[in-house]
Amino acid sequence: MASVLQPGVGNARQDLYRRMDKDNLAPLWEVLHALVPPQPQSPCRPALWKYRDIRPYIEESGRVITAREAVRRVLILENPGMRGQSQITRSLYCGLQLILPGEIAPSHRHTQSALRLIVEGAGAYTAVDGERVTMRQGDFIITPSWTWHDHGNEGSEPVVWMDGLDIPITHLFDATFAENYPEEVQPVTRREGDSWARYGCNLAPLSAESPFGKTSPVFSYPYAKSREALATLARGGDPDPCHGYKMQFINPATGGPAMPTIGAFIQLLPAGLRTAPYRSSDATIFSVIEGRGTASIGGQDFAFEPRDTFVVPGWQPASFSAQGECVLFSYSDRPAQIALGLWREHRG
Ligand code: 1HN
């Protein structure tokens, strides 16, 4: 209930605010309700980018700038509620990157962690600290924090992937550092498949010190493997009512999430499945690998097809209706929220 002001008190307050403002002071009681709302009050909105609609812009970007000149030729997916901030959620960045045959994207490193989900094409590579991995559609690839990385396309077709980075998180902490490698392309020092053989086959070196600190020593998770696992699960038991068959990508050295700040997931929705509403405090970005369906997000319906990207804001109820069998990749800041004791979910 609003208190009844005594005559003159309003003026006295305004006068106090004005004088203390000069000394960089502000009254908490005027903003307390906005600072501590009973539930998240986010500018993040549900949105879907149809690949079919944005593919022409991606192609055109390939005609107006080279990968070398751009450093990274990326169209940023900006949340419609946060235009101009290079954010798809309050904590995460999302973009679609194009590399044409014969191109390279020069080597650099930064404290931001990055993930890639290959959306279109095959035959490009990314190199991480001396090891190259070939990209194929649906592959999930990690660039750990502070590792040298460059990309190249030695194949014959354009390759497009989704980039997910924790840029707003590193900015929040003002812990952003970056540097360029002295050459455009870093030297290859390990054979392709080395880290998969070392860490990805339920084996580990006897002295298992992870080369990438808090990030998984496996930096490429081939779609063929994840897809096969999902198919086996779908043959073997009932789907989860909210998620279908959903798995998280893990760091085999710890069993925890593959990256310290970003969680990555893959799920299969059997044809015809209608999931129960689900909400969690981590806003989540989805990339459709296979299948058509509808995502209902906060009461709004979004029809999706392969290669589309959509975003579910934190704490908004979402459910899926799968027309055919669907496979969805997704990522969010869940590991960061869990590490800080903030994460919540609600089923139904
Ligand atoms: C970056 O290094 C990549 O390595 C992609 O492909 C997107 C966005 C902002 C800052 C660095 C890449 C990026 C980025």
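The values are calculated or read from the model by the stated rules, or taken from the named source; none is laboratory data. Keep in mind the model is a prediction, meaning the values are calculated, not measured. Ideal geometry is used to build each Cβ from the backbone, glycine not excepted, and the neighbour counts take in all protein chains shown. The area values use the complete protein model at the heavy-atom level, side chains included, leaving out ligands, DNA and RNA. Shrake-Rupley method; radii C 1.70, N 1.55, O 1.52, S 1.80 Å.
In the elastic network of the chain, a GNM with C-alpha springs shorter than 10 Å, the most mobile of Lys214, Lys225, Lys246 is Lys225. Overall, segment 200-290 carries a charge dipole of about 100 debye about its Cα centre when +1 sits on the Cβ of Lys and Arg and -1 on the Cβ of Asp and Glu, all other atoms neutral.
Determine the relative contact order of segment 73-196: mean sequence separation of Cα pairs under 8 Å and six or more apart, normalised by residue count, in whole percent. Mind dumping the intermediate values first?
Numbers: 314 pairs, mean separation 40.8, N = 124.
Across segment 73-196, relative contact order equals 33 percent.
Our coupling estimate for segment 299-309, obtained by passing each phi through the Karplus curve with A = 6.51, B = -1.76, C = 1.60 and θ = phi - 60°, is x, 9, 9, 10, 7, 10, 9, x, 6, 6, 10 Hz, Gly and Pro reported as x.
The amide H of Leu77, built 1.01 Å from its N in the peptide plane, has Cys94, Gly95, Leu96 as neighbours under 5 Å, considering only residues 5 or more places off or on other chains. Here the contact order of segment 246-348, divided by its residue count and restricted to Cα pairs under 8 Å and six or more residues apart, works out to 37 percent. Whole angstrom only: what separates the Cα centroid of segment 136-160 from the Cα centroid of segment 249-310? Comparing the Cα centres of segment 136-160 and segment 249-310, I get a distance of 21 Å. The distance separating the Cα centre of segment 54-72 from that of segment 198-247 comes to 33 Å.
Charge dipole of the chain (Cα centre as origin; +1 on each Lys and Arg Cβ, -1 on each Asp and Glu Cβ, all else neutral): 740 debye, rounded to the nearest 20.
Under the rule that an exposed site lies in a DSSP loop and has at most 12 other Cβ atoms within 10 Å, name the longest stretch of the chain with no GluC sites (Glu not before Pro) of that kind, not counting the sites themselves. Free of exposed loop sites, the longest segment is 1-182.
Percent relative contact order of segment 197-290, based on C-alpha pairs within less than 8 angstrom and at least six residues apart?
Numbers: 91 pairs, mean separation 24.6, N = 94.
Once divided by the residue count of segment 197-290, the mean separation gives 26 percent.
For segment 172-189, putting each phi into the Karplus relation 6.51 cos²θ - 1.76 cosθ + 1.60 with θ = phi - 60° gives couplings of 3, 8, 6, 10, 9, 10, 8, 8, 8, 6, x, 10, 5, 10, 6, x, 8, 10 Hz, in residue order, rounded to whole numbers and with x for Gly and Pro. Between the helical axis of 9-21 and the longest alpha-carbon principal axis of the chain there is an angle of about 50 degrees. Convex hull volume of the Cα atoms of segment 105-151, normalised per residue: 63 Å³.
The 1.4 Å probe gives accessible areas that order Leu75, Leu269, largest first, as Leu75, Leu269. Within the listed set Val327, Val36, Val185, the residue fluctuating most in the Gaussian network model of the chain (springs between alpha-carbon atoms under 10 angstrom) is Val36. Dipole magnitude for segment 258-348: computed about the Cα centre from +1 point charges on Lys and Arg Cβ and -1 point charges on Asp and Glu Cβ, it is near 220 debye.
Note on Trp29: accessible area approximately 150 square angstrom, rounded to 10, probe 1.4 Å, nucleic acids and ligands left out. Candidate cross-link partners of Lys225 among the lysines, defined by an alpha-carbon separation under 23 Å and a same-chain spacing of 8 or more, comprise Lys246. The long axis of helix 51-64 is offset from the longest Cα principal axis of the chain by roughly 80 degrees.
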